[in-house]
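Take a look at the following structure, please.
The values are calculated or read from the model by the stated rules, or taken from the named source; none is laboratory data. The model shown is predicted, which means the values in this text are computed figures rather than measured ones. Cβ placement follows ideal geometry from the backbone for every residue including glycine, while neighbour counts extend to all protein chains displayed. When the accessible area is computed, the model is the full protein with side chains, heavy atoms only, and any ligands, DNA or RNA have been set aside. Shrake-Rupley method; radii C 1.70, N 1.55, O 1.52, S 1.80 Å.
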Amino acid sequence: MSIMNETWDTRTLQQFYKRHLLEDLLPFWSKAVDHTHGGMYTCFTNSGNKLISTDKYTWSQGRFIWIWSRIARLIEQGVLPGDAATFKKEAEHAVAFLRDNVFLENGNCAFLLTEDGHKKESIPGEGYDTSFYADCFVVLGFSEFARVSGRNDIAEEALGLYDRIRARCSSGHIRSEPYPIPHGLKSHSVSMILLNISEQLMVTLGDFHHPAYERLKRDCLAYTERIMTEFRMPDHRIAELLPIEGEVPPTVLCRHTNPGHTLECMWFVIQATTRLHREDLAAQSLPVIQKAFELGWDTEKGGLLRFVDQDGGLPKGEQTGDPYETLILETWDSKLWWPHSEALYCSLLAYELSKEARFKDLYEKTHDYVFRIFPHPDQQIGEWIQIRDRDGNPMDKVVALPVKDPFHIIRNVLLIIELYSKVSD
């Protein structure tokens, strides 16, 4: 599947990713749509050959709505072939499923639903309202669906939920399963997801000429500046966790970095600051992207390591016994689907922003590794075998949620196709 021996041009890249989407990814996920209740089944084994649960994580349902809505819009624009009406209908069914079932009395979202929409505790005894991330992905999905459908009422619901998320974050009391933020620390991931959803909602509200559009522009810029001032270190790495106050302790938690998270966040920054005409902030992302690859790339085996120390390699430092620390130390050298899909798009976007050959080189080595390791060898199944060990062998493990996630790969493939549609215009 490599295109590295072909001439680098926009048409070659766009056609490669269109083929991958249409032949390898969508056939798998189109069969996972629940036409009876709405939404999508995602609880598959890593190999994709077995559905092990019909439960529906709100996190994944919001992401599904975003993917299907964006595909519909790209079909309507003539960027992709296909039937936009089918994708919109299935996205609308999923929106209705969530509207009817997901909201709690306090206006927040339940983290987990059964197949037919009953609320379910993901951790027995912990309640339904266990992660603000679920709410964030509903905002993301509803915002994109509102754009493609012209449904102002859905845009209003997305805005109302966004404002509740902001209030929760401002209060300092948020739950963030499956990765609770360790006590006394602040997490890059909070500002990162808020940047993502504020930028998406900003674009949607702009399409509707909504009076809250200017407020969302300010929010989007504020989250970008917070990431680039609070979490960007002098050596250009992004710190995942920092103390709320005081000096940074030499712990595993505060020393570790997540290369894939950094790369994903930096394309959020580039995308947002391009819309906001803040080229200075966009330019600041370039050395951060370079640093993430320098720290995260496995020079022995290839690919991106899940977690690394601030100086590279095995995470180290003082240990606190926090469960997230255990996760870092036990899984640091695994190779996961989502950082690699983020690396593909981020390196291409950095190249198109800067035209610097170093980002083309980073893309090429990432592409060579990804399409040698991740796509499922059985084309009758398709998709990727998403979870791999350091050597690239499949692993039967759970990452974050017990799902085969449809989001990162398809999102980045769509963004690459869209990027080179614009470049070609």
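Scan region 16-61 residue by residue and report those that are farther than 22 Å from V203 by Cβ, part of a helix (DSSP H, G or I) and open to solvent by 10 Å² or more (accessible area, probe 1.4 Å).
Correct list: K18, R19, L22, E23, D24, L26, P27, F28, S30.
Turning to a different aspect of this structure: Residue check, F371 against (1) more than 18 Å from the chain's Cα centre (by Cα); (2) buried (at least 16 other Cβ atoms within 10 Å of the Cβ); (3) closer than 30 Å to K56 by Cβ, all met but one. Which one?
All conditions are met except number (3).
Scan (1) more than 14 Å from M192 (Cα to Cα); (2) touching a residue at least 60 places away in the same chain (Cβ under 8 Å); (3) among the charged types (D, E, K, R); (4) buried (at least 22 other Cβ atoms within 10 Å of the Cβ) for the single condition E264 breaks and write down its number.
Condition not satisfied by E264: (1).
Just to be sure before I move on: is D83 open to solvent by 60 Å² or more (accessible area, probe 1.4 Å) and touching a helix residue (DSSP H, G or I) at 6+ places or on another chain (Cβ under 8 Å) in the structure I sent? Show your work before the answer.
On the way: open to solvent by 60 Å² or more (accessible area, probe 1.4 Å): yes; touching a helix residue (DSSP H, G or I) at 6+ places or on another chain (Cβ under 8 Å): yes.
Yes: the conditions hold for D83.
Can you run down the residue pairs with Cβ atoms below 6 Å, 6 or more apart or on separate chains, where the first is in region 306-325 and closer than 23 Å to F293 by Cα and small (G, A, S) and the partner is open to solvent by 40 Å² or more (accessible area, probe 1.4 Å) and not in a loop (DSSP other than H, G, I, E, B)?
Filtered contacts from region 306-325: G317/R255.
Return the only residue of G317, G382 being under 30 Å from V138 (Cα atoms) and touching a strand residue (DSSP E or B) at 6+ places or on another chain (Cβ under 9 Å).
Only one candidate qualifies: G382.
Which residues, taken from region 303-344, are among the small types (G, A, S) and assigned to a helix (DSSP H, G or I)? Before the answer, list the steps.
Initially, region 303-344 is screened for residues among the small types (G, A, S), giving 303, 312-313, 317, 321, 334, 341, 343.
Answer for region 303-344, where residues must be among the small types (G, A, S) and assigned to a helix (DSSP H, G or I): S341, A343.
Taking region 62-118 only, how many residues are in a helix (DSSP H, G or I) and not small (G, A, S)? Before the answer, list the steps.
Kept after step one, since they are in a helix (DSSP H, G or I), are these residues of region 62-118: 62-76, 84-101.
Subset that is not small (G, A, S): 63-68, 70-71, 73-76, 86-90, 92-93, 95, 97-101.
Residues that pass the stated criteria total 25.
Determine, yes or no, whether F103 is farther than 21 Å from D405 by Cα, free of Cβ contacts under 8 Å to residues at least 24 places away in the same chain, open to solvent by 10 Å² or more (accessible area, probe 1.4 Å) and not polar (S, T, N, Q).
Numbers: farther than 21 Å from D405 by Cα: yes; free of Cβ contacts under 8 Å to residues at least 24 places away in the same chain: yes; open to solvent by 10 Å² or more (accessible area, probe 1.4 Å): yes; not polar (S, T, N, Q): yes.
So F103 fits the description; yes.
May I ask you to verify whether L415 is touching a helix residue (DSSP H, G or I) at 6+ places or on another chain (Cβ under 8 Å), touching a residue at least 40 places away in the same chain (Cβ under 8 Å) and open to solvent by 30 Å² or more (accessible area, probe 1.4 Å)? Quick ask: steps written out before the conclusion?
Numbers: touching a helix residue (DSSP H, G or I) at 6+ places or on another chain (Cβ under 8 Å): yes; touching a residue at least 40 places away in the same chain (Cβ under 8 Å): yes; open to solvent by 30 Å² or more (accessible area, probe 1.4 Å): no.
Answer is no for this residue.
Moving on. With respect to E294, determine if the residue is within 25 Å of R226 (Cα to Cα), buried (at least 20 other Cβ atoms within 10 Å of the Cβ), more than 21 Å from the chain's Cα centre (by Cα) and at pLDDT 95 or above. First the steps, then the outcome.
On the way: within 25 Å of R226 (Cα to Cα): yes; buried (at least 20 other Cβ atoms within 10 Å of the Cβ): no; more than 21 Å from the chain's Cα centre (by Cα): yes; at pLDDT 95 or above: yes.
Judged against the criteria, E294 is not a match.
Does region 349-356 include one or more residues that are part of a helix (DSSP H, G or I), within 27 Å of S198 (Cα to Cα) and open to solvent by 50 Å² or more (accessible area, probe 1.4 Å)? Step through it out loud before you land on a result.
Kept after step one, since they are part of a helix (DSSP H, G or I), are these residues of region 349-356: 349-354.
Pick out the ones that are also within 27 Å of S198 (Cα to Cα) and you get 349-354.
Cutting the leftovers down to open to solvent by 50 Å² or more (accessible area, probe 1.4 Å) gives us 353.
Yes: region 349-356 contains one or more residues that are part of a helix (DSSP H, G or I), within 27 Å of S198 (Cα to Cα) and open to solvent by 50 Å² or more (accessible area, probe 1.4 Å).
Residues are listed down the side, and each one gets a yes or a no for (1) assigned to a helix (DSSP H, G or I); (2) small (G, A, S); (3) under 15 Å from P259 (Cα atoms):
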| residue | (1), (2), (3) |
| --- | --- |
| C346 | yes, no, yes |
| T366 | yes, no, yes |
| R372 | yes, no, no |
| P377 | no, no, no |
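Related question: Name the single residue, out of those in region 230-261 being part of a helix (DSSP H, G or I) and open to solvent by 40 Å² or more (accessible area, probe 1.4 Å), that is nearest to L348 (Cα to Cα). Let's see the steps before the verdict.
Step one: list which residues in region 230-261 are part of a helix (DSSP H, G or I), which gives 230-231, 252-255, 259-261.
Retained after the next criterion (residues that are open to solvent by 40 Å² or more (accessible area, probe 1.4 Å)): 230, 255.
On the way: E230: 26, R255: 28 Å.
Top of the filtered list is E230.
Now for a different question. Here is a list: E157, E90. Which entry is closer than 26 Å to K31 by Cα and not aliphatic (A, V, I, L, M)?
Values: E157 fails: closer than 26 Å to K31 by Cα.
E90 is the lone residue from the list that is closer than 26 Å to K31 by Cα and not aliphatic (A, V, I, L, M).
Quickly run through region 388-422 and pick out the residues that are over 16 Å from the mean Cα position of the chain (by Cα) and of a type in the set (V, I, T).
If the condition is that a residue be over 16 Å from the mean Cα position of the chain (by Cα) and of a type in the set (V, I, T), then V398, I417 are the ones that fit.
Confirm whether P375 is under 21 Å from V252 (Cβ atoms) and in contact with a strand residue (DSSP E or B) (Cβ under 9 Å, 6 or more places away or on another chain). If you could, list the steps in order and put the result at the bottom.
Details: under 21 Å from V252 (Cβ atoms): no; in contact with a strand residue (DSSP E or B) (Cβ under 9 Å, 6 or more places away or on another chain): yes.
Here the answer is no, as P375 does not meet what is asked.
Of all residues in region 385-402, how many are open to solvent by 20 Å² or more (accessible area, probe 1.4 Å) and either part of a loop (DSSP other than H, G, I, E, B) or of a type in the set (D, E) (or both)? Full working, then the answer.
Applying the first criterion (open to solvent by 20 Å² or more (accessible area, probe 1.4 Å)) to region 385-402 yields 389-391, 393-398, 400, 402.
The next check asks that each one be either part of a loop (DSSP other than H, G, I, E, B) or of a type in the set (D, E) (or both); those that pass are 389-391, 393, 395-398, 400, 402.
Number of matching residues: 10.
Could I ask something else about it? State which residue pairs qualify: first residue closer than 16 Å to P178 by Cβ and touching a residue at least 24 places away in the same chain (Cβ under 8 Å) and inside region 387-408, second residue open to solvent by 40 Å² or more (accessible area, probe 1.4 Å) and assigned to a strand (DSSP E or B) in any location, beta carbons under 9 Å apart, and separation of 6 or more residues or different chains.
I387/P394; P402/I52
Now for a different question. What helices (runs of 4 or more DSSP H), lying completely within region 127-209, carry at least 3 residues that are open to solvent by less than 10 Å² (accessible area, probe 1.4 Å) and aromatic (F, W, Y)? Steps first, please.
Numbers: elements: 132-149, 152-171, 188-207.
So the answer is 132-149.
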